[in-house]
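Visitor: Dropping a structure here in structure tokens format, bear with me for questions.
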Amino acid sequence: MCFLKKLSQNDYYGCTLMQEMRKVFTDVNDSTFYAILRRLKKEGKAETYFGEKSNGPQRKYCRITEAGICDLVSTVKDWKA
């Protein structure tokens, strides 16, 4: 739910998303975060795309999908109940 909430607010470069999540979940390591992100992509709730080229290699960004938005709305509703 936390990943989907973050992605509903903005598209994120993978490293930046991990830094944001680490602020809240200080005891969780990056491999766990990446596993969650892979699962969300596999379930069709998030997707990746390549951004514009910068001075270095193209960056891969992550965004929420329509399925992810539906799941987030449902999960938040259940959580509030």
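Visitor: Pick out the one residue from PHE25, PHE3 that is within 26 Å of ASP78 (Cβ to Cβ) and over 12 Å from the mean Cα position of the chain (by Cα).
Guide: PHE25
Visitor: Report yes if some residue within the range 59-74 is of a type in the set (A, V, I, L, M, F, W, C), touching a strand residue (DSSP E or B) at 6+ places or on another chain (Cβ under 8 Å), free of Cβ contacts under 8 Å to residues at least 40 places away in the same chain and not in a helix (DSSP H, G or I); otherwise report no.
Guide: Within the range 59-74, none of the residues are of a type in the set (A, V, I, L, M, F, W, C), touching a strand residue (DSSP E or B) at 6+ places or on another chain (Cβ under 8 Å), free of Cβ contacts under 8 Å to residues at least 40 places away in the same chain and not in a helix (DSSP H, G or I).
Visitor: OK, next. For the range 22-53, give me each residue that is touching a strand residue (DSSP E or B) at 6+ places or on another chain (Cβ under 8 Å) and of a type in the set (Lys, Arg).
Guide: Selection gives LYS41, LYS45.
Visitor: Any chance the range 32-49 includes a residue that's more than 13 Å from CYS2 (Cα to Cα), open to solvent by 90 Å² or more (accessible area, probe 1.4 Å) and over 13 Å from the mean Cα position of the chain (by Cα)?
Guide: No, the range 32-49 contains no residue that is more than 13 Å from CYS2 (Cα to Cα), open to solvent by 90 Å² or more (accessible area, probe 1.4 Å) and over 13 Å from the mean Cα position of the chain (by Cα).
Visitor: Which residue is nearest to ALA46 (Cα to Cα), if the candidates are limited to the range 3-14 and must be in a helix (DSSP H, G or I) and open to solvent by 60 Å² or more (accessible area, probe 1.4 Å)?
Guide: Restricting to residues being in a helix (DSSP H, G or I) and open to solvent by 60 Å² or more (accessible area, probe 1.4 Å), the top hit is LYS5.
Visitor: If you take the residues of the range 50-74 that are modelled with pLDDT under 95 and of a type in the set (Ser, Thr, Tyr), which of them is surrounded by the fewest Cβ atoms within 10 Å (Cβ to Cβ)?
Guide: SER54
Visitor: With the condition kept exactly as written, say whether any residue in the range 36-53 is small (Gly, Ala, Ser) and assigned to a helix (DSSP H, G or I).
Guide: no
Visitor: Test GLU20 against the criterion of being part of a strand (DSSP E or B) and not small (Gly, Ala, Ser), and give yes or no.
Guide: For GLU20, the condition - part of a strand (DSSP E or B) and not small (Gly, Ala, Ser) - is not met.
The values are calculated or read from the model by the stated rules, or taken from the named source; none is laboratory data. Since this is a predicted model, take the numbers as computed values, not measurements. Don't worry about glycine lacking a Cβ; one is built from the backbone with ideal geometry, like all the others, and counts go over all protein chains shown. Accessible surface areas use protein heavy atoms only, side chains included; no ligands, DNA or RNA. Shrake-Rupley method; radii C 1.70, N 1.55, O 1.52, S 1.80 Å.
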